[in-house]
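Student: Pasting a structure here, questions to come.
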Amino acid sequence: MSYDDKNIFARILRGEIPCKKVFEDAHTLAFEDINPQAPVHVLVIPKGKYVSMTDFAEKASDAEIAALNRAVLKVVEAKGLMSSGYRVLTNAGANAHQEVPHLHLHVFGGRALGSMLVKR
Ligand code: 5GP
């Protein structure tokens, strides 16, 4: 899948749509999810144009990959999740119901998060 410059996170990165910023550095932006699924629900995205984790893992530089992981740590620190715990999740493609075609890591916390997947 090629990158669509009109996706909502590309528009946030260009400053066309506001976000509640939690952390930013040269390679990453972290901001509050507009429809939080937990008391803490932050999205961590690379500034580069990557559709999904697949695309990112294939094409991103080592610096970008390191920065995305370190940004998760910054969010965990900023939101006070270090001792209580948290969950990091990314959806890729149709089976995972990825809605926005720009890689994003969800960081959830602030309550007991239950089992990892809905059991069927
Ligand atoms: P996905 O299903 O692609 O993994 O998750 C997309 C996430 O983006 C959802 O949790 C949704 O609430 C969030 N989202 C969609 N549009 C916006 C927006 O305009 N601003 C913010 N902050 N989050 C958004």
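Student: Select from region 48-70 the residues that are in a helix (DSSP H, G or I), closer than 22 Å to Lys6 by Cβ, among the hydrophobic types (A, V, I, L, M, F, W, C) and away from the ligand (no atom under 13 Å from the Cβ) and list them in ascending order.
Tutor: Passing the criteria: only Phe56.
Student: Next up: Determine whether region 29-36 contains at least one residue that is open to solvent by 30 Å² or more (accessible area, probe 1.4 Å) and of a type in the set (A, V, I, L, M, F, W, C).
Tutor: Yes: one or more hits.
Student: Something else about it: Within region 27-42, take every residue that is part of a loop (DSSP other than H, G, I, E, B) and polar (S, T, N, Q) and give me the one that is nearest to Leu113 (Cα to Cα).
Tutor: Here the answer is Gln37.
Student: Then there is this: Condition test on Pro18, is it within 11 Å of the ligand (Cβ to nearest atom) and either surrounded by fewer than 12 Cβ atoms within 10 Å (Cβ to Cβ) or without any contact (Cβ under 8 Å) to a residue 12 or more places away in the chain (or both)?
Tutor: yes
Student: Which residue, of Glu77, Glu99, is within 13 Å of the ligand (Cβ to nearest atom), loosely packed, with under 13 Cβ neighbours inside 10 Å and modelled with pLDDT of 95 or more? Steps first, answer last, please.
Tutor: Details: Glu77 fails: within 13 Å of the ligand (Cβ to nearest atom).
After ruling out the rest, the residue left standing is Glu99.
Student: Something else now. Take the residues in region 21-33 that are more than 12 Å from His106 (Cβ to Cβ) and within 11 Å of the ligand (Cβ to nearest atom), then tell me which one is nearest to the chain's Cα centre (by Cα).
Tutor: Leu29
Student: Looking at (1) assigned to a loop (DSSP other than H, G, I, E, B); (2) in contact with a helix residue (DSSP H, G or I) (Cβ under 9 Å, 6 or more places away or on another chain); (3) open to solvent by less than 20 Å² (accessible area, probe 1.4 Å); (4) within 20 Å of Met1 (Cα to Cα), find the lone condition where Ile45 falls short.
Tutor: (1)
Student: Please work out which one of (1) open to solvent by less than 70 Å² (accessible area, probe 1.4 Å); (2) assigned to a loop (DSSP other than H, G, I, E, B) is the condition Arg120 fails and give its number.
Tutor: (1)
The values are calculated or read from the model by the stated rules, or taken from the named source; none is laboratory data. The structure presented is a predicted model; accordingly, all values stated were derived computationally and were not measured. Cβ: placed from backbone, ideal geometry, glycine included. Neighbour counts: every protein chain shown. In case anyone asks, the SASA skips ligands and DNA or RNA and just uses the protein heavy atoms, side chains included. Shrake-Rupley method; radii C 1.70, N 1.55, O 1.52, S 1.80 Å.
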